[in-house]
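The values are calculated or read from the model by the stated rules, or taken from the named source; none is laboratory data. Computed from a prediction, not measured in an experiment: that's the story for all the values here. Neighbour counts run over all protein chains shown; Cβ positions are idealised from the backbone, glycine included. Remember, those area values only see protein heavy atoms, side chains included, never the ligands or the DNA or RNA. Shrake-Rupley method; radii C 1.70, N 1.55, O 1.52, S 1.80 Å.
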Amino acid sequence: MPDRLTARRPRAVVVGGSICGLFAAAALAEFADVTVVERDTLPEGPEPRRGVPQARHAHLVWSGGVKAFDELLPGLTAELVANGARLVHIMGDMVSRAPNEIWFRRFTSTHHRNLVCSRDLLDAVIRTRVLADTRITLRQNTTAEALQGDSTRVTGVHVRTGDEELTLPADLVVDASGRGSHAPRWLTDLGLPEVTEREVNAGVAYATRLYRAPGSTADIAFPLVNVQANAAKAPGRGGIIVPIEGDRWIVTLSGTRGGEPGPDPDTFTDFALALGDPIIGELIKEAEPLGEVATTRSTANRRRYYEKMRHWPDGFTVLGDAIAGYNPVYGHGLTVAAQCALTLRTVLRSTALTAPGTARRLQRAAARPVAAAWDLAVGQDAFYPGATDTPPTALERFLARFVDQAVATGARSPRALGALLDVMSLEKPATRLFSPDMLIPMLFGPKKPHLQGPPLTEPERKTAAPY
């Protein structure tokens, strides 16, 4: 029997120093010595990072993600809040118009709290926390080139650092490299068949500008303001104001094919004023912009069904956006990243990292949070013209109508809103929408009428005035 004091710990390599990769490293450190391979140089503090083009746009972490954050790294949310992030009550601290153009009442009876801050701050706090673990090593400016092994077992990853090429041996390689993942090619190079993929692309373009918080809004907990696009009125246009640290607002506007916002700062406010409700444009038209307009079009929902592959090699797992990327408007990417890392830890607490079949178990477990977010995203985006070659089925159309009714009910019933937010925040499965908390208010009708406009209070409107 080997001496347990001298036995080698398993070795894991995580490809990608993204939030998903860092969370995966944190989860793996309980079971292995971890090397994180990152192609770029990571910043020292809350600064923009190469390879994250979406970082300048509005971000939020749903309450399901907030819980996963603190399960993975206890106290992380409090640390983020101490550095300027904010926990906002959904819907109490949010003024939101749903895709069916119904305004939500600002109920405060639900438990859901979303985390909002800049992506730079989020990355910096998580990076500092994870990389302080001595069981985790970071290799920067290093590119993962290919997997080492064969179709039955991955034994490491070939990497390149400048002119140097080498193989990092590993008992488990985790691909957390995001939308640009090369895992499909890596697997076919090992002799495995191509993975099945699906894309649903609503053709959404994003434009974001940073503003100084206007008037005296920096002195109060000003709500998020969200006008969601309506797929029934293509092109769909929407926007959101997210107050963040440093007395700033991130304002992100979006539009589908034929209605995209552009990079011209002179048209940014006009686009916001022309949304289904002009509230965002009215709030920013006198505000001071901080910098130019940032745009992106990399917003398609794209999924790879690794969990359905007939054969899967031991020693390799794909997580987060490398499995599926979503239209950012739904804000689920960060929550899924954390929940994927949690599934990694949960499986490895009951199954040895090096045991045959563990990688397949990990892959199937990671598919669960991915599938939940995927169904929410494509259930909306599939209805935009040109989004998919496969038109929505009769069942998908029925479910879309049901969700519209659930939203309409939740907009004026706190009981139904709680059920709706359980699903939207990825805390509970979609079957929660068919619970008595939703069906009873839906069938017998909420007593409160629908709002006719955005529920900003008069004091909030006054604080947003520039003078």
Heavy-atom accessible area with a 1.4 angstrom probe orders R361, R302, most exposed first, as R361, R302
Given a Förster distance of 45 Å, the FRET efficiency implied by the Cβ-Cβ spacing of N83 and R310, rounded to the nearest 0.05, works out to 0.45
Ordering 276-287, 313-324, 426-437, 387-398 by per-residue average of other C-beta atoms within 10 angstrom, highest first, gives 313-324, 276-287, 426-437, 387-398
Which of K285/K447; K233/K448; K67/K308 exceed 30 Å between C-alpha atoms? The answer is K285/K447
For segment 330-460 (alpha-carbon point model, no solvent) the Debye-based log₁₀ I(q)/I(0) at q = 0.13 Å⁻¹ works out to -0.73
Using alpha carbon positions and the Kirkwood radius, the Rg to Rh ratio of segment 217-276 is 1.03
Surrounding charge for A124, neighbours by C-beta under 14 angstrom, Lys/Arg +1, Asp/Glu -1, total -2
Calc'd 3J(HN,Hα), segment 418-423, phi into Karplus 6.51 cos²θ - 1.76 cosθ + 1.60 (θ = phi - 60°), Hz, glycine/Pro = x, comes to x, 5, 4, 6, 4, 7
Yeah, segment 116-156 with a ≥ b ≥ c from its alpha-carbon gyration tensor (a/c under 1.5 is rounded, else prolate when a/b outruns b/c, oblate otherwise) is prolate
Helix-only [θ] at 222 nm, the chain, -39500 (n - 2.57) per DSSP H run of 4+, per residue, nearest 500, equals -9500 deg cm²/dmol
Non-local residues with an amide H under 5 Å from the amide H of A146, with H modelled 1.01 Å from N and Pro and chain starts lacking one, are H158
By the C-alpha gyration tensor axes a ≥ b ≥ c (rounded if a/c is under 1.5, else prolate when a/b exceeds b/c, else oblate), the shape of segment 123-237 is oblate
In order over segment 329-335: 3J(HN,Hα) from phi, Karplus 6.51/-1.76/1.60, θ = phi - 60°, whole Hz, x for each Gly or Pro, gives 4, 8, x, 9, x, 5, 5
Around I244 (Cβ within 11 Å, Cβ-to-Cβ, excluding I244; K/R +1, D/E -1) the net charge comes to 0
Here segment 180-190 yields Karplus 3J(HN,Hα) values (6.51, -1.76, 1.60; θ = phi - 60°; whole Hz; Gly and Pro given as x) of x, 3, 9, 4, x, 5, 4, 6, 5, 5, 7
Length gained if F444 through T188 is fully extended, taking 0.36 nm per residue and subtracting the Cα-Cα distance, is 86.7 nm
Taking the square root of 5λ for each eigenvalue of the C-alpha gyration tensor of segment 1-142, the equivalent ellipsoid has semi-axes, largest first and in whole angstrom, of 35, 19, 12
Over the chain, with neighbouring protein chains present, the accessible area per residue in Å² at probe 1.4 Å is 43
If amide H atoms are modeled at 1.01 Å from N in the peptide plane, then the residues at a separation of 5 or more from T354, or on another chain, having amide H under 5 Å from its own are none
The Cα radius of gyration of the chain, divided by 2.2 N^0.38 Å with N its residue count, comes to 0.99
Rounded to a whole %, the carbon-and-sulfur portion of the accessible area of the chain at a 1.4 Å probe is 52
Quick tally, 1.4 Å probe accessible area for H182, H112, sorted with the most first, runs H182, H112
Residue separation between A430 and S151 times 0.36 nm, minus their alpha-carbon distance, gives in nm 96.9 nm
From highest to lowest solvent-accessible area (probe 1.4 Å; ligands, DNA and RNA excluded), I90, I440 read I440, I90
Residues other than D422 with Cβ under 15 Å of its Cβ, Lys/Arg counted +1 and Asp/Glu -1, net out at +2
Output row, site E101, 7 Å Cα→C-beta label point, backbone N cut-off 16 Å, window segment 229-243, residues 229-239
